[in-house]
Every structure is written in C-alpha cells, then in structure tokens.
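The values are calculated or read from the model by the stated rules, or taken from the named source; none is laboratory data. From a predicted model like this one, the values you see are computed outputs, not experimental measurements. We place every Cβ from the backbone using ideal geometry, glycine too, and count neighbours over all the protein chains shown. Side chains included, ligands, DNA and RNA excluded: accessible areas come from the protein's heavy atoms. Shrake-Rupley method; radii C 1.70, N 1.55, O 1.52, S 1.80 Å.
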Protein chains: 2
Amino acid sequence: MTGPLRVACLSIGDELLSGRHADLDAPQVARALGEMGLVVDRVEVIPDDEQTIAEAVGRLRGPHAVIVTSGGLGPTLDDVTRHAVARAAGVELVHSEVAWAAVRVWFERRGVEPPASNRRQALIPTGAVILPNSKGTAPGFLLELDPETILAVLPGPPGELVAMLQDELVPRLRSRFGGDLNLMRHEFALFGLPESEFAQLAGDWMSREAIPRMGVSARDGVLAVTLVSREDGAELLVAARAAEFRERFAHWIYSERDEALATTVGRRLLASGTTVTFAESCTGGGIGRSLTSVPGISGVLREGWVTYSDEAKRERLGVPAELLTRHGAVSAEVAGAMALGAARASGADLAISTTGIAGPGGGSQDKPVGLVFLGLALRGEVWTLERRFPPVDRDRIRRYAEQTALFLALAGLEDRLESLGAERAGGFEQLRD
Amino acid sequence: MTGPLRVACLSIGDELLSGRHADLDAPQVARALGEMGLVVDRVEVIPDDEQTIAEAVGRLRGPHAVIVTSGGLGPTLDDVTRHAVARAAGVELVHSEVAWAAVRVWFERRGVEPPASNRRQALIPTGAVILPNSKGTAPGFLLELDPETILAVLPGPPGELVAMLQDELVPRLRSRFGGDLNLMRHEFALFGLPESEFAQLAGDWMSREAIPRMGVSARDGVLAVTLVSREDGAELLVAARAAEFRERFAHWIYSERDEALATTVGRRLLASGTTVTFAESCTGGGIGRSLTSVPGISGVLREGWVTYSDEAKRERLGVPAELLTRHGAVSAEVAGAMALGAARASGADLAISTTGIAGPGGGSQDKPVGLVFLGLALRGEVWTLERRFPPVDRDRIRRYAEQTALFLALAGLEDRLESLGAERAGGFEQLRD
C-alpha cells in the first residue's frame with residue numbers, strides 16, 4: 001500500500017479575490033482527478049501577478065506530483081500565467097505555430113479574423129505539450145517541472161476548463177499514473193439526516209484510520225457520502241462496507257450515484273411512466289425549476305402552478321375557501337388540497353405541493369418562520385408532511401422545502417411514505433372534480 | 001497615498017478539498033473586509049491538519065495585516081484549528097470559562113445538556129479575545145500574532161461565519177484600522193453585455209493604473225462593476241467616473257447597487273404597485289423562484305404558470321392551437337400569446353413568458369439548442385424578444401433565459417423596450433378574454 005499521489009490547484013485571477021464569486025475551477029479539478037485516485041490537498045487562489053504565481057509553483061512542486069493552474073491565459077496584458085510558469089520552470093516562452101494555428105482556426109470557424117492580441121495565446125514554454133481547447137481560444141499545456149512533478153496549465157472559464165479536463169488532462173494523467181492507482185469507490189446520496197446525527201450513526205466508520213475511508217459533505221439537506229479504499233482487496237472491502245451502510249441508512253438513501261435529488265426523482269418518474277405536476281406556494285417555482293433541469297422530463301411533465309395567493313389556490317386548484325379560512329393557507333389541510341387539486345386539474349398521477357412561511361416576515365407564535373407543509377397526491381391518495389426548518393434565512397428555508405417535496409415524491413414512488421413521517425389525509429370529498 | 005492593507009484567508013477542512021462544494025467562506029470574508037478597504041490577495045484551502053495549518057499561518061503572517069481562518073472549530077477530534085494556531089503563535093491553549101459559558105448557554109437555550117465533547121470548543125489560545133457566535137456553538141477569537149499581523153479565527157458553517165463577520169470582526173477591524181482606510185467605491189450592475197465587449201467599451205478605464213480602479217466580474221449575463229479609489233479626493237474622482245460610466249453603459253445598467261436582477265425588478269414592481277405574473281416553458285419555474293426570492297413580493301404577485309406542453313399553453317393561457325401549429329411552440333408568436341394569456345388569466349398588469357430549446361436534445365437546423373423567445377405583456381401591449389444563447393449546457397441556457405425575461409420586465413417598467421431590441425407584437429385579437 002502506498003499513499004495517494006498529491007495534487008495542488010492554483011486558481012489564478014484578480015476577480016476570484018473580490019469575493020463576488022466562489023472559485024469553481026478547483027472543485028472541478030478535485031472531482032475529476034479524485035475519481036482517478038489523485039488527491040487534491042491544497043488549493044491556492046492568487047492574483048494575476050507573475051511573481052506570486054511563480055513563487056507558488058516553486059513552493060508546491062516539491063510535495064505534489066501534479067500542479068494544476070487555471071486562469072490567466074487570456075489575450076490581454078494582465079494575463080501572465082504563461083510567463084510566470086515558464087519563469088518557475090526556468091524555460092523560455094516561445095511562439096508556437098501549432099498553438100497559433102489552433103487559435104486562428106477557432107476564430108475562422110466563426111468567420112472572424114483573429115485579432116493580433118490573441119497571438120499572445122500562442123506563447124508556450126519550451127518543452128510543453130499543447131492541450132487543445134474545444135470551447136475557447138486559449139490552448140492549455142502540460143510541462144514536466146522535474147521527474148516528480150508535472151504542471152498542467154488550464155484556462156479559467158469553467159466551460160473551457162471542464163472540457164479540457166475531461167478530454168485532455170484526465171486521459172493523459174491516467175495513462176501516466178494508471179499503474180499506481182488502485183482505487184475503489186462507492187457513493188451514496190442521502191436526504192433529510194442532519195450531519196451530526198449521521199456522524200453518530202456512522203460511528204467509527206468515519207475515523208481517519210477506517211478502511212475503507214468515508215468522506216461526507218452536506219448541502220441543503222443532502223449528504224454525499226463516498227467510501228474509498230486503495231488497499232489490497234479494495235473491491236471486497238468497499239462492497240462489504242457498502243452493504244452495511246445500505247442497511248443502516250436505508251431511511252435516508254435516495255441514490256447510489258452522486259446526483260441531485262431532482263435527477264433521481266426525474267429518472268424514476270420517466271422509468272415508471274408516472275406523470276407529475278406541482279403546486280407551489282412558498283417555493284415559488286423552485287420545484288418546477290428542479291424537475292425541468294432533467295433532460296427529457298417533458299415525457300411526464302405537462303404543467304404546474306405557482307399559487308401564491310389564497311385566491312389562486314382556490315381558483316386554479318379548487319382548494320375550498322372554507323379550508324383556507326378554518327386552517328389558514330399554511331396548514332396540512334391546504335397542502336393536501338393543493339396537491340390533490342393539481343393532480344385533478346392536470347390529470348397527472350403524482351402531484352407535490354408546498355405552503356409555508358419562508359420569512360423574514362409573516363411568522364407568528366403558532367406558525368413561525370420556517371414552518372412548511374408539504375402535500376403529495378398519488379393516484380387519488382393524499383399525504384401530508386409537516387416540517388419546521390431552522391428560521392435561518394429565506395433562501396435556505398425555500399431550498400429545504402423544495403428538496404423535501406422532491407423526497408416526498410420519491411418516497412411515494414417507493415412506497416415508503418410512513419417511514420418518512422408522512423400522514424395520510426382524508427376529507428377532500430368536497431374538492432370539485 | 002498608501003497601499004491597501006492586505007488580508008489572507010485560510011479555509012480549513014478536508015471536505016472543502018473533495019471538490020463537491022466550492023469554498024463559500026473566503027468570498028464572504030473578501031466582500032465584508034473589501035467594503036471597508038482591506039484587500040484579500042490570497043486564499044488557501046487546506047485540510048484539517050495541524051502542521052499544514054501552522055505552516056500556512058507562519059508563512060502568511062509577514063506580508064499580511066490580517067489572516068482570517070474559517071473552519072476546524074467543531075467538537076470532534078479531527079478539528080484542530082485551535083491547536084494549530086496556538087502552535088503558530090507560540091502560545092498555550094487553555095480552557096476559557098467565558099467561552100465554555102457561551103457554549104453551555106447555547107445548548108441550554110435548546111433544553112439540551114452540553115455534551116462533554118463540546119468542552120473542546122472552549123479551548124482558547126492565551127491572550128486571545130473571544131468572538132461570540134450567535135448562530136452556533138463554536139466561539140471564534142482574535143489573536144495578535146505580532147504588532148503587524150492580527151489573526152481572526154472563525155467557524156466554518158457560512159451562516160455562523162457571516163454573522164460573526166458582521167457582528168464582531170468588521171466592527172473590531174474598523175475601529176482598529178479606520179484611520180488608515182481612505183476608500184470610496186461605487187457599484188454598477190449590468191445585464192446583457194458580454195464581458196469582452198464591455199472591456200472594449202471601457203477601454204483604458206480598465207487599466208491596472210487607472211484612477212479610480214475598476215473591477216469587473218461576470219455571471220449568468222450579469223456584470224458587477226466596482227469603481228474604487230483610495231487617493232486624495234477619492235470622492236470626486238469616483239463620482240466623476242461614475243457619471244461617465246452611467247452615460248456610456250446606460251443600455252445595460254439595471255442597478256447602482258450590487259444586487260440580483262430579480263431584486264431590482266421586485267423592488268420596482270413593489271414601488272410602482274405593478275402586479276406581475278409569468279408563464280414559463282423552458283425555464284420551468286425559474287422566473288417564479290427568482291421573483292419570489294424577494295421578501296414581500298406577495299404584494300404584487302398572486303400566481304404564475306409552468307406550461308411545459310402545448311396542451312397546457314392552450315388550456316391555461318388560451319394560446320390558439322393555430323399559432324402552435326403554424327409557428328411551433330418555440331416562436332415569438334407563442335411567447336407573445338403566453339404572456340398576454342397569463343396577464344389576462346391573472347389580471348396582472350405585467351406578464352413575462354419564455355419558450356425555447358434548452359437541450360441537449362430537441363434542436364433542429366431552424367430552431368437550434370439555445371434559441372429562446374421571451375414575451376412581455378404590459379397593460380395590454382405585447383412585446384417579444386428573440387435570443388440565441390450559446391448551446392453550452394441546459395442549465396446555463398435556462399439561467400440566461402430566466403435573467404433575460406427579468407430584464408425584459410425591467411425594460412418594460414422603464415419604457416425602454418426598443419433599445420433592448422424587443423419587437424411590438426400584434427395579431428392576438430383571437431385570444432379569448
């Protein structure tokens with residue numbers, strides 16, 4: 001057994017340090033290389049400054065088998081990554097006819113003469129291997145810094161970076177390091193289990209010394225769990241732990257792929273030919289947006305409603321005025337009636353609904369900010385679910401509500417609504433057909 | 001004139017290196033401190049490893065007036081930030097009764113006995129000033145590393161970090177550095193202008209030596225532009241450039257605050273009492289989700305539709321079957337009819353609509369992936385807009401379409417539809433009332 005090969009990422013660009021956007025490049029590199037068993041153990045975000053870049057490359061080359069830079073390859077004078085890495089490597093920067101031809105072709109395909117300033121993008125350090133850019137003008141390149149460290153220089157725009165990672169860098173690194181990587185992995189995606197409770201249930205599976213090693217990350221109620229082993233017999237070790245994991249966390253697992261909840265739900269709906277609709281109040285369109293992120297979803301989705309006012313709930317979904325008056329718009333009864341009304345109006349097999357108080361205003365003692373009711377109508381049966389999300393902020397409450405509605409739909413499809421805490425609702429005979 | 005004070009961020013946590021999520025903490029720090037004139041010029045993302053953290057703090061203290069760490073303050077043994085920074089500072093880590101009282105209170109308010117493991121969160125380096133945590137258990141702290149560098153240690157969860165930044169760190173740094181910061185800034189938010197065209201139009205305003213200095217960042221068609229000066233007479237310099245900027249970029253400016261397009265649109269709708277609705281096809285709910293992200297929007301928004309199928313467009317919005325057959329669902333005619341139909345059905349003053357081909361499938365020679373038509377109905381008048389977005393990926397096309405629809409609504413409110421390239425549409429007499 002050997003330790004994993006280590007990778008450092010350098011994300012280069014003044015705009016990355018303004019705080020306006022997160023750095024999205026390094027996570028892409030970490031995922032793509034992580035899948036082949038290389039481990040990113042350091043990311044540095046630095047400005048477009050030649051000396052700063054050269055210093056970082058020089059400092060990181062020792063302990064890292066691979067250094068990946070992103071950004072600073074544009075045609076303007078403030079982009080200095082090429083110059084900086086050539087300086088760090090101690091080699092000349094020269095005009096490459098091959099790189100220049102690639103830049104020219106990119107412009108000519110668009111019927112445009114390449115501007116003279118773009119010649120700068122054809123400057124390549126001596127000895128580097130050019131990586132073609134299928135999505136933009138700037139070629140990337142690979143440069144051996146020494147027998148222990150290889151430097152990959154990629155463009156900054158995420159679309160260009162991802163394409164070059166997948167098409168060029170990963171295949172080359174795989175053929176270079178393939179023999180050293182003995183990696184097995186298995187993924188689980190869970191919904192609705194707080195990370196602290198997960199840690200307690202997982203116990204010593206989460207220890208740093210555990211084999212296989214378990215990694216967890218949390219966002220919007222979703223836990224992404226990865227089991228990884230590079231020991232001898234990795235395949236068996238991972239399969240055995242995955243089987244135990246599947247049993248212990250059955251309530252919360254929604255997929256054994258690393259995918260969004262909407263993707264799992266969309267796939268199940270399409271596979272089973274179950275038609276779907278939605279009626280949203282507090283989520284305001286978020287469920288629809290998530291479901292329609294799935295390509296091909298039009299096969300099972302015709303329409304949905306955002307019914308923000310009481311009047312819209314009555315007129316579009318047939319929610320009885322009396323339910324709204326007696327229980328209020330934010331109630332299990334209205335959530336159930338919204339789902340059933342949407343299912344009837346659209347003729348869909350399955351409908352989900354949300355009604356809640358997303359804040360910051362509008363809360364009361366009885367119905368505080370964060371209180372959300374979800375409804376599910378599935379082939380004429382109605383279920384409801386109550387949730388009290390932490391009243392942290394409006395966006396987060398809305399995202400949790402949206403995800404919970406999707407999980408409720410999945411639980412309906414998998415016939416495990418009771419284990420989720422959903423209650424069967426009746427008394428909707430008065431709804432118009 | 002002196003240079004700005006420099007800040008380094010250390011984002012600490014194994015999970016930040018998995019590539020699953022971007023680091024959201026450092027951008028928060030960069031923005032909050034940037035607003036008071038401190039400049040983050042380096043971010044490092046490193047694992048929960050004592051030696052790595054201590055090395056980074058030691059290396060960065062020289063050139064930086066402030067080092068801000070986030071993460072690694074949890075109660076479990078893998079969180080080692082406290083130990084690492086005490087080691088880097090060369091001071092003891094001791095149990096603080098003040099910190100422990102704060103942790104206990106947090107649990108007791110929730111009716112829970114504080115677990116023994118959380119005592120670890122009361123370990124504080126000698127000489128540090130405790131920063132209370134209003135959103136979680138882990139106290140932060142401030143530690144003078146030497147007369148030139150102050151170290152701020154903050155918790156990792158973004159909600160806790162942001163509260164501690166705003167309530168504790170910024171006020172303390174302001175009172176410490178206030179006299180040294182002579183900063184004026186002005187912000188613009190633009191929509192629909194590609195970054196490369198912006199750069200050409202801005203010319204030497206964008207040079208690194210320009211006074212005031214201009215910063216730009218781009219996302220989903222939005223450009224956020226900041227003018228900054230710390231020279232003598234900064235106020236006049238920034239005001240003069242802002243006046244020129246306002247004139248040169250009038251077509252694309254939607255706000256002089258750093259805010260999302262939906263926020264600007266929502267604010268205008270509420271201020272003018274203009275009621276709004278929407279009919280979405282390719283965006284699938286994204287417009288609704290954006291508009292309802294604005295607190296209080298229920299004052300002008302009652303309902304909206306996601307009409308994904310032709311049938312839904314006919315039944316819910318009254319789009320004539322003949323228009324769908326003759327022009328296809330993805331057409332200016334149908335976009336216009338959807339907007340008018342939604343306005344009539346809901347009685348709203350203003351309606352926006354989208355219909356397009358988000359891909360990856362469904363494109364043709366005539367109607368390629370990326371083709372989107374947007375509709376606007378405003379007090380009975382109908383306008384349409386055609387856009388061909390780069391066929392890069394489904395999500396991006398949908399986000400662009402959503403943002404363009406919001407910009408179209410704003411242009412309608414500001415009576416500048418023609419300058420946007422929108423066309424007035426007629427021939428909808430056949431739509432039912």
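Within the stretch A:122-156, whose backbone N sits under 19 Å from a point 7 Å along Cα→Cβ of B:R219?
Taking a point 7 Å out along Cα→Cβ of B:R219, the residues of the stretch A:122-156 whose backbone N falls under 19 Å are A:156.
Show me the chymotrypsin sites (Phe, Trp or Tyr not before Pro) within the stretch A:42-124 that DSSP assigns to loop and that have at most 10 other Cβ atoms within 10 Å of their Cβ.
Passing sites in the stretch A:42-124 do not exist.
Excluding ligands, DNA and RNA, what is the solvent-accessible area per residue of chain B at a probe of 1.4 Å, expressed in Å²?
With the other protein chains kept in place, chain B gives 41 Å² per residue.
Kindly provide the trypsin sites (Lys or Arg not before Pro) of the stretch A:301-389 that DSSP labels as loop, not H, G, I, E or B, and whose Cβ sees at most 11 other Cβ atoms within 10 Å.
Sparse-neighbourhood loop trypsin sites (Lys or Arg not before Pro): A:R379.
Any idea what Rg and Dmax come out to for chain B if you just take the C-alpha atoms, in Å?
Answer for chain B, Rg first and Dmax second: 26.5, 81 Å.
With a 1.4 Å probe and every protein chain left in place, tell me how much accessible area A:T76 has, in Å² to the nearest 10.
70 Å²
Compute, for B:E195, the solvent-accessible surface of its heavy atoms (probe 1.4 Å) with the complete set of protein chains present, and express it in square angstrom to the nearest 10.
It works out to around 100 Å².
Can you give the log10 of the normalised intensity I(q)/I(0) at q = 0.09, 0.10 Å⁻¹, computed with Debye over equal Cα scatterers of the stretch A:6-180?
-0.27, -0.34
From the label point of B:P63, set 7 Å from Cα along Cα→Cβ, how far away are the matching label points in the other copies, in nm, ordered shortest to longest?
Label-point distances to the other copies, shortest first: 1.9 nm.
Looking at the stretch A:132-222, I'd like the Rg to Rh ratio, where Rg is from alpha-carbon atoms and Rh is Kirkwood's inverse mean 1/r.
1.12
Each label point is 7 Å from the Cα along the Cα-to-Cβ direction; what then is the distance between the points at A:E144 and A:R6, in nm?
About 2.3 nm, to one decimal.
Count the DSSP beta bridges whose two residues both fall in the protein assembly as shown, then state the antiparallel fraction as a percent rounded to the nearest 5.
Among the beta bridges of the protein assembly as shown, antiparallel pairing accounts for roughly 65 percent.
Can you give me the span-like helices of chain B, meaning DSSP H runs with 24 Å or more of Cα extent along the axis and Kyte-Doolittle mean at or above -0.5?
B:394-413
Which stretch or stretches of the stretch A:368-400 have amide N atoms under 16 Å from the point lying 7 Å from B:D167's Cα along the Cα→Cβ direction?
The answer is A:391-393.
Taking every DSSP beta bridge with both residues inside chain B, roughly what % is antiparallel (nearest 5)?
Antiparallel bridges: around 65 percent, rounded to the nearest 5.
Rounded to the nearest Å, what's the spacing between the alpha carbon centres of the stretch A:338-397 and the stretch A:251-295? Just the number, please.
16 Å
Over the Cα atoms of the stretch B:184-255, what is the Rg over Rh ratio if Rh follows Kirkwood?
We get a ratio of 0.95 for the stretch B:184-255.
Whole-Hz Karplus ³J(HN,Hα) for the stretch A:64-71, in order, using 6.51 cos²θ - 1.76 cosθ + 1.60 and θ = phi - 60°, x for Gly and Pro?
Once θ is set to phi - 60°, the couplings for the stretch A:64-71 become 10, 6, 9, 10, 10, 9, 9, x Hz.
Cut-off under 20 Å on the C-alpha distance; same-chain residues fewer than 8 positions from A:K367 excluded. Which aspartates and glutamates are left, in chain and number order?
Here the aspartates and glutamates satisfying the reach criterion relative to A:K367 are A:E280, A:D310, A:E322, A:E333, A:E386, A:D393, A:D395, A:E402, A:E423.
Loop-only check: which GluC sites (Glu not before Pro) in the stretch A:363-418 are DSSP coil with at most 12 other Cβ within 10 angstrom?
Listed in order of number, the matching sites are A:E414.
Using the basic label-point model (7 angstrom from Cα toward the beta carbon), what is the A:E195 to B:H21 distance in nanometres?
0.5 nm
What does the average come to when, for each residue of peptide A:244-254, you count the partner chain Cβ atoms lying within 10 Å of its Cβ?
That average works out to 0.
If you project the alpha carbons of the stretch B:1-84 onto the principal axes, what extent comes out on each, in Å, largest first?
Largest to smallest, the principal-axis extents are 47, 26, 20 Å.
Am I reading the A/B interface right? What is its buried accessible area, both sides, 1.4 Å probe, to the nearest 100 Å²?
The buried area between A and B, both sides summed, comes to about 5500 Å².
Work out the FRET efficiency for B:R379 and A:H251 from their Cβ-Cβ distance, taking R0 = 51 Å, and round it to the nearest 0.05.
Taking R0 as 51 Å, the efficiency between B:R379 and A:H251 is 0.45.
Using r as the Cβ-Cβ distance of A:R176 and B:A210, and R0 as 60 Å, what FRET efficiency do you calculate, to the nearest 0.05?
After rounding to 0.05, the efficiency reads 0.85.
For the stretch A:246-377, just say rounded, prolate or oblate: build the C-alpha gyration tensor, square-root its eigenvalues into a ≥ b ≥ c, call rounded for a/c under 1.5, and beyond that prolate if a/b exceeds b/c, oblate if not.
oblate
In whole angstrom, how long is each semi-axis of the equivalent ellipsoid of the stretch A:321-433, when you take the square root of 5 times every eigenvalue of its Cα gyration tensor and sort them from largest down?
Values for the stretch A:321-433, descending: 23, 17, 11 Å.
Cα-based Rg (one decimal) and Dmax (whole number) for the protein assembly as shown, in Å?
Reported Rg and Dmax, both Å: 27.9, 81.
Roughly how many percent of the accessible protein surface of the protein assembly as shown is carbon and sulfur, given a 1.4 Å probe and a whole-percent answer?
50 percent
Please compute one quarter of the surface area of the Cα convex hull for the stretch B:34-76 and express it in square nanometres.
The Cα convex hull of the stretch B:34-76, projected and averaged over all directions, gives 3.8 nm².
Taking the DSSP beta bridges in the stretch A:1-130 as the whole, what percent of them are antiparallel, to the nearest 5?
20 percent
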